[in-house]
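Please read through the structure below; I'll follow up with questions.
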Amino acid sequence: MSAALPERVDVARQVQGRRVYSGSLPFTVMSRLRDALATAQGEARYHAQFDKDALGIAYLQLQVEAGLPLLCQRTLEVFALPVVIDTRLGLIANEEDEAGLPGGYEPLLIADGTIDLAAVIEDELILAVPVVPTRPGAPLDWVDPTDATDKEPVRQNPFAALAGLKNKAGAG
């Protein structure tokens, strides 16, 4: 069953009911992510499913797809960074439970038994934003267009003359 995204969900009830949420979340409602974006236009599509695995570990399977509008730090052009997230979050009540999670699980601390699912989606998108956004295919060499004609003269190594004298002394 698919449902609209509520503000907060009771994790135990969601896991017990194997609840599924699908839809889209506009960037305009993600206040923390907006600061990293070039524009708040766009949205992220999500699919979130609560369940338990064969070992009885409660988890949230989260899939998110978005094209994040970022400012390329090489070309200063806005580009859409395609982001595809597919992660399994192990739902833990305290930090000590993290050690009991099997491989392939990322921990998600549930302090009061509830979570803000929109905030979890936003957190995953924030983690996907590169430290220095660069458009794929952006040129690697940076050239200052104002400095194209003013080339600095090549400076002579002050010890080049000594090297020449050393070569003469060694030959003679």
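The values are calculated or read from the model by the stated rules, or taken from the named source; none is laboratory data. Please read all numbers here as calculations on a predicted model, not as lab measurements. Ideal geometry is used to build each Cβ from the backbone, glycine not excepted, and the neighbour counts take in all protein chains shown.
Looking at Asp35, Asp86, which one is surrounded by fewer than 16 Cβ atoms within 10 Å (Cβ to Cβ), within 18 Å of the chain's Cα centre (by Cα) and free of Cβ contacts under 8 Å to residues at least 12 places away in the same chain? Walk me through how you get there before you give the answer.
Values: Asp86 fails: free of Cβ contacts under 8 Å to residues at least 12 places away in the same chain.
On inspection, the qualifying residue turns out to be Asp35.
Same structure again: Evaluate the stretch 94-106: report whether one residue or more is part of a strand (DSSP E or B) and touching a helix residue (DSSP H, G or I) at 6+ places or on another chain (Cβ under 8 Å).
No, there is no match, as no residue in the stretch 94-106 is part of a strand (DSSP E or B) and touching a helix residue (DSSP H, G or I) at 6+ places or on another chain (Cβ under 8 Å).
Taking Glu98 and the conditions (1) modelled with pLDDT of 95 or more; (2) touching a Pro at 6+ places or on another chain (Cβ under 6 Å); (3) of a type outside the set (Ser, Thr, Tyr), which numbered condition does it fall short on, given that it satisfies the others?
The single condition Glu98 does not satisfy is (1).
Does the stretch 132-139 contain at least one residue that is at pLDDT 75 or above and either assigned to a helix (DSSP H, G or I) or in contact with a strand residue (DSSP E or B) (Cβ under 7 Å, 6 or more places away or on another chain) (or both)?
Kept after step one, since they are at pLDDT 75 or above, are these residues of the stretch 132-139: 132-139.
Still in the list and also either assigned to a helix (DSSP H, G or I) or in contact with a strand residue (DSSP E or B) (Cβ under 7 Å, 6 or more places away or on another chain) (or both): 133, 135.
Yes; the residues of the stretch 132-139 include at least one that is at pLDDT 75 or above and either assigned to a helix (DSSP H, G or I) or in contact with a strand residue (DSSP E or B) (Cβ under 7 Å, 6 or more places away or on another chain) (or both).
So, Ile121, is that one surrounded by fewer than 18 Cβ atoms within 10 Å (Cβ to Cβ), aliphatic (A, V, I, L, M) and within 18 Å of the chain's Cα centre (by Cα) or not? Show your work before the answer.
Values: surrounded by fewer than 18 Cβ atoms within 10 Å (Cβ to Cβ): no; aliphatic (A, V, I, L, M): yes; within 18 Å of the chain's Cα centre (by Cα): yes.
Against the criterion (surrounded by fewer than 18 Cβ atoms within 10 Å (Cβ to Cβ), aliphatic (A, V, I, L, M) and within 18 Å of the chain's Cα centre (by Cα)), Ile121 does not qualify.
Of (1) under 16 Å from the mean Cα position of the chain (by Cα); (2) loosely packed, with under 13 Cβ neighbours inside 10 Å; (3) touching a residue at least 40 places away in the same chain (Cβ under 8 Å), Met30 satisfies all except one. Which?
Going through (1) under 16 Å from the mean Cα position of the chain (by Cα); (2) loosely packed, with under 13 Cβ neighbours inside 10 Å; (3) touching a residue at least 40 places away in the same chain (Cβ under 8 Å) one by one, Met30 breaks only (2).
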